[in-house]
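Engineer: Just passing along the structure, written as structure tokens.
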Amino acid sequence: MIKVSFVMLFATLVMFPNSAEAKALSRSEIAKEMLGKVITTRRFGLSIRMLYRPNGTVSARSIAGNLNGTWRYSGANKVCTTFPSGPAKGTSCVSFTKTGNKRFRSSEGVSFRVR
């Protein structure tokens, strides 16, 4: 009986994930959770710190160098970031989901923390 209950619980978790984690953040949630706060992540083996400012500018800092760009909202829940040069050159539009306390994931699969 315990084995059957465990299998049913596992199947339920896989088939019906927590909807709060799966829901993309809205513009107001993005503003509240991320704007003006330091975002930290790791990409390509490097620690990266980003800052989205309310004025539409964004900066990225790592041991490899510094980048400055712009950001804007797109639709109800996406942020488009544009960097004029560097490894992230061009425009990328992503949505975000909350995965824990001050922890998030982009629609590109990048996990990060907000401090």
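The values are calculated or read from the model by the stated rules, or taken from the named source; none is laboratory data. What you see is a predicted model, and the numbers here were worked out from it, not measured in a lab. Quick reminder, even Gly has a Cβ in these numbers, built from the backbone with ideal geometry, and neighbours come from all protein chains shown.
Engineer: Examine the range 50-72 for a residue that is under 17 Å from ALA24 (Cβ atoms) and touching a residue at least 60 places away in the same chain (Cβ under 8 Å), and state whether such a residue exists.
Structural biologist: no
Engineer: What is the number of the single condition among (1) at pLDDT 95 or above; (2) over 16 Å from the mean Cα position of the chain (by Cα) that THR82 does not meet?
Structural biologist: Of everything listed in (1) at pLDDT 95 or above; (2) over 16 Å from the mean Cα position of the chain (by Cα), THR82 misses just condition (2).
Engineer: Could you check, for the range 27-44, whether at least one of its residues is free of Cβ contacts under 8 Å to residues at least 24 places away in the same chain and in contact with a Leu (Cβ under 7 Å, 6 or more places away or on another chain)?
Structural biologist: No, there is no match, as no residue in the range 27-44 is free of Cβ contacts under 8 Å to residues at least 24 places away in the same chain and in contact with a Leu (Cβ under 7 Å, 6 or more places away or on another chain).
Engineer: To continue, here is another question. Specify the residue that is surrounded by the most Cβ atoms within 10 Å (Cβ to Cβ); the eligible residues are those in the range 89-100 that are over 16 Å from THR41 (Cβ atoms) and not small (Gly, Ala, Ser).
Structural biologist: The residue in question is CYS93.
Engineer: Right, next: Out of GLY109, GLY69, GLY86, report the one residue that is surrounded by 13 or more Cβ atoms within 10 Å (Cβ to Cβ) and either in a loop (DSSP other than H, G, I, E, B) or in contact with a Leu (Cβ under 6 Å, 6 or more places away or on another chain) (or both).
Structural biologist: When all the criteria are applied, what remains is GLY86.
Engineer: List the number of the failed condition for ALA64; all other conditions in (1) over 19 Å from LEU35 (Cβ atoms); (2) touching a Phe, Trp or Tyr at 6+ places or on another chain (Cβ under 8 Å); (3) of a type in the set (A, V, I, L, M, F, W, C) hold.
Structural biologist: (2)
Engineer: Anything in the range 24-66 that is assigned to a loop (DSSP other than H, G, I, E, B), closer than 18 Å to PRO87 by Cα and either modelled with pLDDT of 95 or more or touching a helix residue (DSSP H, G or I) at 6+ places or on another chain (Cβ under 9 Å) (or both)? List them, or say none.
Structural biologist: Selection gives nothing.
Engineer: Return only the number of the condition from (1) without any contact (Cβ under 8 Å) to a residue 24 or more places away in the chain; (2) surrounded by fewer than 12 Cβ atoms within 10 Å (Cβ to Cβ) that ALA76 does not satisfy.
Structural biologist: Answer for ALA76: the failing condition is (1).
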